Amino acid sequence: MVKFHANGKLMLTGEYLVLQGARALALPLNLGQSLEVTTINDANGMIHWDAYTPKGFWFASIFSKHDFTVHASDDMDKADNLSKIFRAIKLLNPNILQDKNDYFFTTRLEFDKDWGLGSSSTLISLLAQWANVNPYELLRMTMGGSGYDIACATASQPIIYHLENGNPIVEKADFKPDFYDKLYFVYQGHKQSSEKEVKSFKERAQKLDLSSEISEISEISENLIRATSLNDFCALLTRHEEIMSRCLEQPILKAQFPDFQGVVKSLGAWGGDFFLAATEMSETEVKSYFNKKGLNTVIRYNEIVL
C-alpha cells in the first residue's frame, strides 16, 4: 500500500483576478485529503474506489482499469468525474496500470465536503502524486481553474501565486501576522460552484480592461504580508473588497453585516464557502455575533492554516 496527502486551501486575496495574472495570497490548510492505494491479486481488470468524509462513508465506485468505464457506483456523477480524471492521467502517463493486479483506492476527506476547502483540488493533487504526472496539466485537462489550489495542496506555508503566460508561478510568502488571534474564518452555510463562477467571470472579463485592478490587487497581496497592525491589515482588506465589488458588480460582504465591529472579506467564489472576519472583538463575542446570524461554523485562523 502507498499513501499520499494533499492540503486544503483558502485564497486570501486575488480571487477571480488571479485568472488574469494578479498575484494572489493563498493559504494551505492543515486539513486536506489522503489517498491510500492498494493492489489486489485479482486479475479482473477493475479499480475499486471508496471515499470517506469526517462523517463516514461518502461514495463508492467500480470501474474498468483499461478504459475506465464505470461498472457500478452509488453516485454516477462522481464516478463519471473519476473516469474522466483517470482517462486524462492515462494520456499523461501511458505506463500506469499496466500490471495484472486490480487496484483499491481509498480517499479520506478531513473537512466537511460542503465547505469548499478543496475536495476537488486535493483529489487532483493526490492522483497526480500517485501517477507521477504534472498536477497542473491534469487540472487543465479536467476541472480547469487558476491552479492556486493545486499549489496549496503540496505547500508547507502561505504562498504568492500568479500565472505568467498561463504558467503557474509559486513563491513562498512569509505571512505570519502577529494579530492572527484576531482573524476568523466563517462558513456561509452553502457551497459555491467555483467552476460556474469562474466561467461567468471570464465571460465578463473579456469585455473589460482590468489592468489597473490587477495591478492594485497584486500590490494589496504584497502589502498584506508586510502589514504590522490589524488596522493596516483591515484597511487593505476593505480596499480589496471595494475593487472586487466593482469588478463583479456585486455588493461588498460587509453590507450583510453592517453592525459587525471589524472587517469581513469574501474568499474565493463570492457568495459561498468561507469568508474572513478580522476584529478586535473577543472570540466569544465573534462566535456569538455570527451564531445569531445563523452562521455556526467559526474557525480561528491558527486552527486551520499551516
Entirely in the range 1-54, the strands (runs of 3 or more DSSP E) that have 3 or more residues that are within 16 Å of ALA153 (Cβ to Cβ), of a type outside the set (Lys, Arg) and in contact (Cβ under 8 Å) with a residue 60 or more places away in the chain: 2-11, 24-40
Spot the failing condition for TYR187; the list is (1) outside the structural domain of LEU267 (by TED's automatic domain parsing); (2) within 25 Å of PHE59 (Cα to Cα); (3) of a type outside the set (Asp, Glu), and only one is missed. (1)
Taking the range 74-123 as the region of interest, how many residues are farther than 21 Å from SER34 by Cα and either touching a His at 6+ places or on another chain (Cβ under 7 Å) or touching a residue at least 60 places away in the same chain (Cβ under 8 Å) (or both)? 2
Whether any residue in the range 122-145 is touching a Gly at 6+ places or on another chain (Cβ under 9 Å) and modelled with pLDDT under 95 is what I want to check. no
Please name all residue pairs, on different chains or six or more residues apart, with Cβ atoms under 9 Å, provided the first residue is in the range 279-306 and is over 14 Å from TYR187 (Cβ atoms) and the second residue is of a type in the set (S, T, N, Q) and in a loop (DSSP other than H, G, I, E, B). THR279/GLN261; GLU280/GLN261; MET281/GLN261; GLU285/GLN261; TYR289/GLN261; LEU306/SER156; LEU306/GLN157
Out of (1) within 22 Å of LEU19 (Cα to Cα); (2) buried (at least 19 other Cβ atoms within 10 Å of the Cβ), the one GLU137 does not meet is (2)
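The values are calculated or read from the model by the stated rules, or taken from the named source; none is laboratory data. None of these values were measured; they are calculated from a predicted model. Here Cβ is always computed from backbone atoms with ideal geometry, including for glycine, and neighbour counts include all displayed protein chains.
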